[in-house]
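Here the structure comes first, spelled out in structure tokens, and everything after it is commentary.
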Amino acid sequence: MEQVRLGIIGIGGMGTNHANSLLKGWVPEMKLSAVADVRQCRLDWAKENLPEDVQIFDDGRKLIDSGCVDAVLIATPHYLHPEFVIYALEHGVHAISEKPAGVYTKQVREMNEVAKKSDRVFAIMLNQRTNCVYRKLHEMIESGELGAMKRVNWIITDWYRTQAYYDAAGWKATWDGEGGGVLLNQSPHQLDLLQWLCGLPVKVRAFCHEAKWHDIEVEDDVTAYMEFENGATGVFVTTTGDAPGTNRLELTFEMGRIICEKGKLIYDRLEENERTFCKTCPDGFKTPKTETIEIETDGMNEQHVGVLKAFAARILRGEKLVAEGTEGIRGLTLSNAMHLSAWLDRTIELPFDEELFLQELNKRRALSKKKEDKGIVFDTTGTF
């Protein structure tokens, strides 16, 4: 096999973006062979815009069963991600899922069990891990040169969305269609990076404001406090209602402070470990000497294309993925804990009661309102 024949299940905004990347030849070892969608308007679009050799199906299972693909990319509404991944793996087809891995961890845990028993490749589209800034920071943390983490603060409020964005697709911003708001649609990238860099917290207290800035069912403004096993604390703030927004990650370690903002990695490096300095310095008002440096990176940031290249390379040659599919449960654990904390108005300890979360989610799904699905695709640039 010289190229992986890929089928895309769900050709809305992100599915269309991935299809265009393949058609432009940006992933040389992968070929678009088929697409599937349940909406007639998107099937009509596919017939009018895709090459004749790309097969079109009105159901993802038909695509998987057709034998015309080696792998599938799942870009459907969130609840369906585990369902199609499981079906693909059980039918001998490699699978890569868009984020999030699913809506609730119990469902994703079942998917991961199937993946562990399968000999097919399972990946997840956590494309922010390809960003040179986060890769370099991960490398620095793993090396131990920064010492223990003391604090993390992430303000990620540059996810601005208009009301038209939410009104375009019937599944968006509803409990029964999407399963959540900014925590499930936009911020899974940062929640994954947060756990990838810092590990999972042991306690979460969150405030999720539903319909604060938009006419929707789900949360569009979140502030969460976290505690980690070593005593470090953190704050995570996100919204789709701020303009202009901010994307600033600040981490404090024993050896200084790291700031990730505007594509740069700034390190305020201490001359001496702060814990040692605190215990040994005779001057009660003195602070450790600090040197500010900009950390160099390799400058590479391939995003979705990089994830697909790695997915093809794993299938063809057994090379390393950007993110194993089973890792998707970790960022989802964070968003589930934040939702549960807000719903119950209390601190949640991890691991949390997955059955209780599902019960609370289903209460909201039962009251969820169905919307007309206009099938509008606003964005095919990968910033969805």
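The values are calculated or read from the model by the stated rules, or taken from the named source; none is laboratory data. Only a predicted model underlies this, so the values are computations on that prediction, with no experimental measurement involved. Neighbour counts are summed over all protein chains in view; Cβ atoms, including those assigned to glycine, are modelled from backbone coordinates with ideal geometry. The protein model used for the area step is the full one, side chains on, heavy atoms only, and it has no ligands, DNA or RNA in it. Shrake-Rupley method; radii C 1.70, N 1.55, O 1.52, S 1.80 Å.
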| query | Can you pull out the residues in segment 239-275 that are under 20 Å from the mean Cα position of the chain (by Cα), of a type in the set (Lys, Arg) and not in a loop (DSSP other than H, G, I, E, B)? | reply | Arg248
| note | Within segment 138-171, the residues that are out of contact with any strand residue (DSSP E or B) (no Cβ under 6 Å at 6 or more places or on another chain) and among the hydrophobic types (A, V, I, L, M, F, W, C) are Met140, Ile141, Ala148, Trp159, Ala164, Ala168, Ala169, Trp171
| Residue list for segment 291-307, filter: open to solvent by 80 Å² or more (accessible area, probe 1.4 Å) and not in a loop (DSSP other than H, G, I, E, B) | Glu291, Thr292, Glu294
| First in segment 308-323 and closer than 9 Å to Met30 by Cβ and among the basic types (Lys, Arg), second anywhere and buried (at least 21 other Cβ atoms within 10 Å of the Cβ) and modelled with pLDDT of 95 or more, Cβ under 7 Å, 6 or more apart | Lys309/Val27
| task | Could you please let me know if Phe236 is assigned to a strand (DSSP E or B), farther than 17 Å from Gly328 by Cβ and under 16 Å from the mean Cα position of the chain (by Cα)? | result | yes
| What are the pairs, 6+ residues apart or on separate chains, where a residue within segment 107-124 that is closer than 12 Å to Tyr87 by Cα has its Cβ under 8 Å from a residue that is open to solvent by 90 Å² or more (accessible area, probe 1.4 Å) and in a helix (DSSP H, G or I)? | Val114/Glu90; Ser118/Glu90
| task | Quick one: count up the residues across segment 308-350 that are more than 27 Å from Asn127 (Cβ to Cβ) and open to solvent by 10 Å² or more (accessible area, probe 1.4 Å). | result | 7
| Pick from segment 222-251, criterion farther than 20 Å from Val152 by Cβ and touching a strand residue (DSSP E or B) at 6+ places or on another chain (Cβ under 7 Å), ranking: surrounded by the fewest Cβ atoms within 10 Å (Cβ to Cβ) | Gly241
| said: Need a quick list: strands (runs of 3 or more DSSP E) entirely within segment 6-123 having at least 1 residues that are crowded, with 19+ Cβ neighbours inside 10 Å and basic (Lys, Arg). | reply: 30-36
| Hey, Ala71 without any contact (Cβ under 8 Å) to a residue 60 or more places away in the chain, aliphatic (A, V, I, L, M), out of contact with any Ser or Thr (no Cβ under 8 Å at 6 or more places or on another chain) and under 21 Å from Ser118 (Cβ atoms) or not | no
| field | Condition broken by Lys136, with the remaining ones in (1) open to solvent by 40 Å² or more (accessible area, probe 1.4 Å); (2) under 17 Å from the mean Cα position of the chain (by Cα); (3) more than 24 Å from Gly12 (Cβ to Cβ) satisfied | value | (2)
